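Scroll down for the structure; my scribbles are underneath it.
The values are calculated or read from the model by the stated rules, or taken from the named source; none is laboratory data. Keep in mind that what you see is a predicted model, and the values were worked out from it rather than measured. Positions of Cβ are backbone-derived with ideal geometry, glycine not excepted, and every protein chain shown enters the neighbour counts. In case anyone asks, the SASA skips ligands and DNA or RNA and just uses the protein heavy atoms, side chains included. Shrake-Rupley method; radii C 1.70, N 1.55, O 1.52, S 1.80 Å.
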Amino acid sequence: LQPLLQALGHPPLVLLTHHTIYTDAYLHKYPNARVEVLDGSTSQAGALAKRCPPRMLVVAEIPCLLHDAPCRLSYATQSAARMAGAAVVLVNGWLYGYQPASRMDALESRLFSRDYVDGFDLLLVQTEAVRASLLAAGADPHCVHVTGNLKYDAMRAAAALAGPGPLSQWLRQWSGKGPLIVAGSVTETQVQRHLLQAFRAVLAKHRHARFVLAPRHPENLVHMQALHELLQESGVGHMYRSRTPLDQAWDEPVLILDTMGELRDAYAAADMAFVGTDHNVLEPLVHGTPVCVSGRWEPSYPSYPVYLQMLQAGAIDQVDDLQQL
């Protein structure tokens, strides 16, 4: 995104979402951006295009087809951008196979699905199967290109170029006497509970062991309150990264990584990583960090083919219960 903005001459960045919960996270990464929460209506889309005339609308990964994915983008939003003269581009395209979430979305899909696909000037998709589905849906063959999974393909180069970040160095400084375990993108409270129980077993044998737990949505106050109560219940001493400057000692066995953009640094320092279900197993693997996961991965998610390939190759371990963990 940054090279794209540079190539366009650094125009104002507007981030579109229909989830209000992402606003703080978006602004943390792009403090100068404007976040617009969409309701899908034609009137809102038209007003936004007049207020913030777009040069380019970039649809990132989803929805590749109208109302196909867990995140929604109305045909009105795409149409308003086109009417304003913007180029409309899909990147990292993937198909989830979801059904429309409401009767209104179902009606919109029946009326405008072909127009939506035809409304992209360029479609960059992950697989030949996705390309074939888009062609069947009416896309211009000259506009659809298979580019692989951009998030995964760029990962090794990014890891090599970045080097050890400040958090990685800080973690290594304070975890030198025992194993450092990092659990990333962990959403469910029950999985968090199992991880803390497993870490207590490790701590009983390695008193200098350290554990970093990165919840999937640190901006979700309900989830974070549930995690706080879980930590109190566990009795394990803990700290929060958001309240811990890197010139402070890490003097508790558990660190809650409740910040954005630092998980890669944590994986780079880890002796072992646990990756939450349906998330990116390559992120720690590019650092040579051993990885384990639990089961029940969702085949419709773009993380699934990578998970399955790594599992079949023996590159990651899968645990099915607390004892194995």
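Miscellaneous remarks
- Each residue of the stretch 102-118 was assigned a 3J(HN,Hα) from its phi angle through the Karplus curve 6.51 cos²θ - 1.76 cosθ + 1.60 (θ = phi - 60°); the sequence is 8, 5, 5, 5, 5, 5, 4, 4, 5, 7, 10, 4, 5, 5, 4, 4, 5 Hz, with glycine and proline shown as x.
- Ligands, DNA and RNA are left out, and with a 1.4 angstrom probe the accessible area of the stretch 1-143 is 55 Å² per residue.
- Projected-area average for the stretch 39-82 over all orientations - Cα convex hull basis, square nanometres: 3.0 nm²
- Translational diffusion coefficient (Stokes-Einstein; Kirkwood radius from C-alpha pairs) of the chain at 20 °C, 1.002 mPa s, in µm²/s: 99 µm²/s
- Within the same chain, lysines fewer than 8 places from residue 29 are excluded, and of the rest, those with a Cα less than 19 Å from its Cα are 151.
- Cα Rg, Dmax (largest Cα-Cα span) when computed across the stretch 251-317, Å: 12.6, 41
- Largest first, the three principal axis extents of the alpha carbons in the stretch 78-213 are 62, 39, 30 Å in whole numbers.
- Within a straight-line Cα-Cα reach of under 14 Å, residue 50 can be paired with the following aspartates and glutamates, leaving aside sequence neighbours fewer than 8 residues apart in one chain: 36.
- Hypothetical label at residue 248: residues of the stretch 163-195 whose amide nitrogen lies under 20 Å (7 Å Cα-Cβ projection): 166-176
- One chain, two ends: residue 208 and residue 34. Fully extended at 0.36 nm per residue, the span grows by 58.2 nm beyond their Cα-Cα distance.
- Ordered from highest to lowest accessible area with the whole protein assembly present and a 1.4 Å probe, 142, 19, 67 read as 142, 19, 67.
- Label zone (residue 55, point 7 Å along Cα-to-C-beta; backbone nitrogen cut-off 14 Å) within the stretch 1-17: 2-14.
- Springs between Cα atoms under 10 Å define the GNM used for the chain, and in it the highest mean-square fluctuation of 16, 150, 111 occurs at 111.
- Using equal-weight Cα scatterers in the Debye expression, the normalised intensity of the stretch 280-325 in log10 at q = 0.15, 0.31, 0.33 Å⁻¹ is -0.37, -1.23, -1.28.
- Lysines whose Cα lies under 16 Å from that of residue 177, excluding same-chain neighbours fewer than 8 positions away: 205
- Between 0 and 90 degrees, the angle of helix 42-51 with respect to the longest Cα principal axis of the chain falls at about 80 degrees.
- When Rg and the Kirkwood Rh are both derived from Cα coordinates, the Rg/Rh ratio for the stretch 198-325 amounts to 0.96.
- Taking the chain and dividing mean pair separation by its residue count, relative contact order in percent (alpha carbons under 8 Å, at least six apart): 12 percent
- Bins of 10 Å, starting at 0 and running to the largest distance - Cα pair percent for the stretch 18-159: 11, 39, 38, 12, 0
- For residue 317, the residues 5 or more places off, or on other chains, whose built amide H falls under 5 Å of its own are 291, 292, 293.
- Sequence-separation-based contact order of the stretch 220-262, relative, with Cα cut under 8 Å and 6+ spacing, percent: 36 percent
- Accessible area of the stretch 133-290 belonging to carbon and sulfur atoms, whole % at 1.4 Å probe: 52 percent
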